Each structure stands twice: as structure tokens, then as C-alpha cells.
Amino acid sequence: MKKNKLLLSLGSLSIFSAIPFVAAKCDNTETKDNNSSKEPGTTDPGTTEKENVKVDLDKLSDKVKEELNKLAKEKVTKEEVVAVLKTEKGLEKLTTEDLTKVEFKDNKLTIEANKDSKLVSGTHVFDAQVQPPKTDSVIDLSCLELNGEVKKVLKAEAKEKPEKTKILGSLKKDKNFEKLTESDFEVSFKDSVLTITASSKSTLIKGKLTVNSKTELDNISLTDEVKKKLQEELQKSEFKSDSIVTVLKTQPELKALGTKDVETKKEGNKLSVSAKSDSAKFTGTLSFIFKVMLDKMMTDDVKKELSSEVKENPNTSNVVNALKKVPGLVTLSSNDIKIEFSSGKLVISATEESKLVIGSVSIEKSATLGKINLSTYNFDEKQKETLLGAIDESSDDENDLRKTSVWFTLKGIFKNGLEESDFEIEVDKDKKSLTIKATKDSKILEGEIKLNK
């Protein structure tokens, strides 16, 4: 009996002695749960948050790079670039202020991070090889437009025994040619031209690509300084080919240019410099549109037509239409010139913004240049409507009343002493048309015009 009581006492003690341990264990579990429920992004007092790591634009994921490279085009915007970059992990909150430069120039897309950005750093550059839209997976070499770097390498290989390895290396800089091998094409050089021909067994390319070892005048972009010197040279009364070549030689790509290499031609406001067929260094044609000196390009016919506008409030449309007959001024607009009537003369001056004309010219009224050409005169809609109103006038067989109506309207338009004897009219009431013809003896009018209702 005593033995049993002793065992019972020991058992009770063992139970109570275990309670603190259980309580301690529960307490630890509760503490762990509290720690795990702490909100992400918070820090304990006395600790510092880990510093943000910037994303290097040069080390973006392949998927993002691929999407960025699709933006390698003219007029790409920061907004377009940011929209793509925000798909990169860690750049979800990126804004346009995080970038200082987004530019597409010389077939290269450049994206530069703002130094103060807390999200991005570095620069992303993509050298874009311009490709025509592809209808299949095979690239047609004949439609390929080379960028500057690739073209430079290929031009260097436009020689006897071109190195296929260097040509392959140059082409593979374009992502479309990453899998290209030497077995995909053949190379040859003849008559200063490097020809790259796709192998019939190639599954990547087709067609031919030709690169001329000669400098292509068509692709020369003249510097502003050269343009200025050409403009000055072309305003001189005497056109000298030697002087034109001397100016062009100041262009970096044309240092080796000689008069024996090219033929120069000045026509209207266009200068053409064409390589001769036997030139060893140059091919193609360089064209330069220069500004026309108004006083030097004026022909007698144009002066004659402009003479009718030597009056108060000259008609701008008539002046512009007359000047368009000067070679090289077919695209002239009212924005290119200023017109005024001063001291009995019509003064036409080039505007500062004009890219077609410079200088000024004065037109005087004279008996020899005073005729108005009805066939080219630009009547406005209101004037036409008034003239056509004569059709409805009552008249006898000789159209006297109609002619008087037309004369009265023309006299108000021209204000130059016009008489009824200066013109004849023909009226077709069925077709509702009016024809005005200058008489042979008229010293004021010439030509004819037909107006329809």
C-alpha cells in the first residue's frame, strides 16, 4: 500500500514538472508565428533596409532586349521604351524620368539611364540592320539595306580575292544572320563590284548582294559648310566645273575627287555631278538643289507676265504661278516670297525661310512687257462667277450687252485702260460657257480663256 502511494506521488510530480516545458514550447511557437506574420517590406527597429540594386540596361533579359530592338525605328519615344522596360523584373515602377536618352540614329537605338535613377543604370545600344518586311523565313539579299558598319567592312573586301571569313563575320553582326555559315553563300569580285550570292542549298538566304568598291556619289551627305560654298559658287555668272570640284574635295569622302572623274551640269536650280564610266574611284550621281537668285533667273516671258501685276495690291497667286515657269521653281509657294508695289514697281523678295530662292527682283510696267495672257491669268472664283454672269444678259446677235458686261468686269480686275476693242467673246448658252479672246491688235491682252458654269 505504501509502495503504491509512493508511485502515485512520484507520478503527480512528474506531470507537474512537465507543465513549464510545455508552456515554454507553446510560447516559442507563438513567437515564431508572430515573426512570420510580419508584413513584407518592414524592418525591425535598429535594423537597416537592404539597399536597392539597379538594373543594368546592358544586362536585360533576352525577351526584353528582343522587344526593345523592335523599337529601333525613326521617331521612337521614351514612352514606348519605358512600356517595354517595365516588363523587366524590378522595373515595374520605371518612368520616363529614369532615362536621359532614347535615340535612333545611324541605324542604332541608344537607351541611356539617368544617373540619378534609383532603378536603372548603364546604356543599351542596338545596331539595327534595316530589313524589308519578310514574307517568309528566307532573307532576300537583293532587298537588304546595309548599315554603315557592315557596309564599311564589305567595301574593304571589295577587292581581288575577298576573304569569305571576314564577310561572314560582318554579316553575322545582324541577328538575322546568326546561324549563317560559309556554305550558305559564295563571293566573287569583278569590275570593282563584290558579289555575295546565296547558295542554292541555303535555307537562310537567297538572291544576290552587290557592293561597289567605288565611292557612291548618290549616298554622299554634304556638310553644311560644303553646301554653303556650293551655293556661293553657283550664284556666280560663270559656271566652272573646276571650281565645283574644288569645293566638293573639302567633303571628307571626296578628297580624292578630280575633274577627270566626273561631269558637272547646272540646270535650273539643280547641280548634278555624275561619275564618268571610266572613273576608278567613283560611281553614281550627286545632286544638289541650290537657291535661285530671283534677278538672275528671270526670263522675258515671265517678266512680261508679271508686268500685269505692277499695280496696287498685286495678286499673289498670279505672281507665284508666273514664277513657277522659271526652271527649278515649279514647287514655289507663297511662303517663299514677299510681294509689294513700291515706287511704281512690283518688288518680289525671297523670304528668309525659303529653300528655293534668295535675293529680290523689281518689275516695271512697260509697253513691251504689258500684255496680260488670258490663258495663264489666275482669276479667282468670285471674278469667274461675275464674268459668267454675262451669259444671262439679254443681247442681240452681236452679243453687245454681254461683251459690255465682260469688259466692265475685266476693267475692274486689270485697271490698265482696257477697251472693248481689246477682246472678243463667244457664248454657248447650252453648255453655259464663256470664251474671252484677245484681239490681234490689242496692246493689253493676249491669249484666250474659256470659263464654264
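The values are calculated or read from the model by the stated rules, or taken from the named source; none is laboratory data. This structure is a prediction, so every number in the text was calculated from the model and none was measured. For neighbour counting, all protein chains shown are included, and Cβ atoms are generated from backbone atoms with ideal geometry for every residue, glycine included.
Kindly provide the set of residues from the range 225-251 that are without any contact (Cβ under 8 Å) to a residue 12 or more places away in the chain, closer than 24 Å to Lys151 by Cα and part of a helix (DSSP H, G or I), ordered by number.
Across the range 225-251, there are no qualifying residues.
When you scan the range 75-183 for helices (runs of 4 or more DSSP H) that lie fully inside it, which ones turn up with 3 or more residues that are within 20 Å of Thr197 (Cα to Cα) and out of contact with any strand residue (DSSP E or B) (no Cβ under 8 Å at 6 or more places or on another chain)? Let's see the steps before the verdict.
Values: elements: 78-85, 148-156, 164-171.
Result: 148-156, 164-171.
Restricting to the range 138-168, name every residue that is in contact (Cβ under 8 Å) with a residue 12 or more places away in the chain and among the small types (Gly, Ala, Ser).
Correct list: Ser142, Gly148, Ala158.
All but one of (1) out of contact with any Lys or Arg (no Cβ under 8 Å at 6 or more places or on another chain); (2) closer than 24 Å to Gly359 by Cα hold for Glu253; state the number of the condition that does not hold.
The failed condition is (2).
Inspect the range 220-227 for any residue being buried (at least 17 other Cβ atoms within 10 Å of the Cβ) and basic (Lys, Arg) and give the result as yes or no.
The answer is no; no qualifying residue exists.
Could you look through the range 188-202, keep only residues that are hydroxyl-bearing (Ser, Thr, Tyr) and over 35 Å from the mean Cα position of the chain (by Cα), and pick out the one that is surrounded by the fewest Cβ atoms within 10 Å (Cβ to Cβ)?
Among residues in the range 188-202 that are hydroxyl-bearing (Ser, Thr, Tyr) and over 35 Å from the mean Cα position of the chain (by Cα), the one surrounded by the fewest Cβ atoms within 10 Å (Cβ to Cβ) is Ser200.
Could you tell me whether Lys403 is assigned to a loop (DSSP other than H, G, I, E, B) and either under 48 Å from the mean Cα position of the chain (by Cα) or modelled with pLDDT of 85 or more (or both)?
On the way: assigned to a loop (DSSP other than H, G, I, E, B): no; either under 48 Å from the mean Cα position of the chain (by Cα) or modelled with pLDDT of 85 or more (or both): yes.
Against the criterion (assigned to a loop (DSSP other than H, G, I, E, B) and either under 48 Å from the mean Cα position of the chain (by Cα) or modelled with pLDDT of 85 or more (or both)), Lys403 does not qualify.
Hey, among Leu68, Leu91, Leu60, which residue is within 18 Å of Lys118 (Cα to Cα), touching a helix residue (DSSP H, G or I) at 6+ places or on another chain (Cβ under 7 Å) and surrounded by 14 or more Cβ atoms within 10 Å (Cβ to Cβ)?
Of Leu68, Leu91, Leu60, the one residue that is within 18 Å of Lys118 (Cα to Cα), touching a helix residue (DSSP H, G or I) at 6+ places or on another chain (Cβ under 7 Å) and surrounded by 14 or more Cβ atoms within 10 Å (Cβ to Cβ) is Leu91.
Please go through the range 170-187 and pick out each residue that is surrounded by 12 or more Cβ atoms within 10 Å (Cβ to Cβ) and either more than 19 Å from Thr203 (Cβ to Cβ) or not acidic (Asp, Glu) (or both).
Ser170, Leu171, Lys172, Lys173, Lys175, Asn176, Phe177, Leu180, Thr181, Phe185, Val187
For (1) closer than 24 Å to Leu445 by Cα; (2) of a type in the set (Gly, Ala, Ser), each residue gets a yes or a no:
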position	(1), (2)
Asp242	no, no
Asn269	no, no
Leu306	yes, no
Asn313	yes, no
Ala350	no, yes
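When the range 285-314 is examined, which residues are found to be more than 23 Å from Gln231 (Cβ to Cβ) and surrounded by fewer than 18 Cβ atoms within 10 Å (Cβ to Cβ)?
The initial filter retains those residues of the range 285-314 that are more than 23 Å from Gln231 (Cβ to Cβ), namely 300-301, 303-314.
If the condition is that a residue be more than 23 Å from Gln231 (Cβ to Cβ) and surrounded by fewer than 18 Cβ atoms within 10 Å (Cβ to Cβ), then Asp300, Asp301, Lys303, Lys311, Glu312, Asn313 are the ones that fit.
What's the total number of residues in the range 428-440 that are surrounded by 15 or more Cβ atoms within 10 Å (Cβ to Cβ) and at pLDDT below 90?
Total satisfying the criteria: 0.
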